[in-house]
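See below for the structure under consideration.
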Amino acid sequence: MGWPADVVLAGKHARLVPLEPSHSDAMCEASRDGELWRLWYTNVPSPERMSAEIVRRLDLKAKGSMLPFAVLDAVGGCAGMTSYMNVDAVNRRVEIGSTWYAKRVQRTALNTECKLMLLAHAFETLDCIAVEFRTSFLNHQSRRAIERLGAKLDGVIRSHQRHSDGSLRDTCVYSIIACEWPAVRAHLTFQLSR
């Protein structure tokens, strides 16, 4: 069995289930809410690319470098996707990324709870030494959300890759390390209780 193995993570506001091809139609509907694929500094799949994106993520899963999830809302509707990616089983590190949410659930408790569940699983079950987050330098909304989690900026990789429009992307790399997890867990739990 690969590391990390498939798991279902359930909370009050969200449920993370292993991504499957059968999620495609519902994910298309979720992606239409807010048309995030039109933001040039993100890589959110358009409805026309959704099936191919699911296949891509499942191929990376088969290769052991990604564990993709469908994000379901409190009533079981598809609300987006997220993943453990850049999996490093030897060093017990993962990145939480390739995340997108339908506009209707953005700035709700769903994202906080998803991150809390993913971080708790990473540190408490998978025994990770660190969890990483990456985003475009120009994606200020994502950067603020990552910083609100309690992640610290490790640095900026200049001209790291290309945005969907072909322009060069500087990538901000953030992380939470194992010794920081108890304080981050307390912070996120407090945020959810408010």
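The values are calculated or read from the model by the stated rules, or taken from the named source; none is laboratory data. For clarity, every value in this text was computed on a predicted model and none was experimentally measured. Counting neighbours? That spans all protein chains shown, and the Cβs are built from the backbone with ideal geometry, glycine included.
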* **Which numbered condition LYS12 misses (of (1) assigned to a loop (DSSP other than H, G, I, E, B); (2) within 21 Å of LEU192 (Cβ to Cβ); (3) at pLDDT below 95)** => (3)
* Asked: Right, LEU58: buried (at least 21 other Cβ atoms within 10 Å of the Cβ) and modelled with pLDDT of 95 or more or not?
  -> no
* Asked: Residue check, SER159 against (1) of a type in the set (Gly, Ala, Ser); (2) under 21 Å from MET81 (Cβ atoms); (3) touching a Leu at 6+ places or on another chain (Cβ under 7 Å), all met but one. Which one?
  -> (2)
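Taking the range 1-37 as the region of interest, how many residues are among the β-branched types (Val, Ile, Thr) and exposed (fewer than 13 other Cβ atoms within 10 Å of the Cβ)?
So in the range 1-37, the residues among the β-branched types (Val, Ile, Thr) come out as 7-8, 17.
From the residues that got through so far, the ones that are exposed (fewer than 13 other Cβ atoms within 10 Å of the Cβ) too are 8.
Number satisfying all stated conditions: 1.
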* Identify the residue in the range 42-68 that is over 23 Å from SER167 (Cα atoms) and either of a type in the set (Lys, Arg) or assigned to a loop (DSSP other than H, G, I, E, B) (or both) and, among all such residues, is farthest from the chain's Cα centre (by Cα). => LYS63
* Any residue in the range 41-59 that is more than 30 Å from SER159 (Cβ to Cβ) and among the hydroxyl-bearing types (Ser, Thr, Tyr)? -> yes
* Pairs with Cβ under 6 Å, 6+ apart, first in the range 5-24 and without any contact (Cβ under 8 Å) to a residue 24 or more places away in the chain, second of a type outside the set (Gly, Ala, Ser) -> VAL8/VAL17
* Asked: If you take the residues in the range 145-169 that are of a type outside the set (D, E, K, R) and assigned to a helix (DSSP H, G or I), which one is nearest to LYS115 (Cα to Cα)?
  -> LEU149
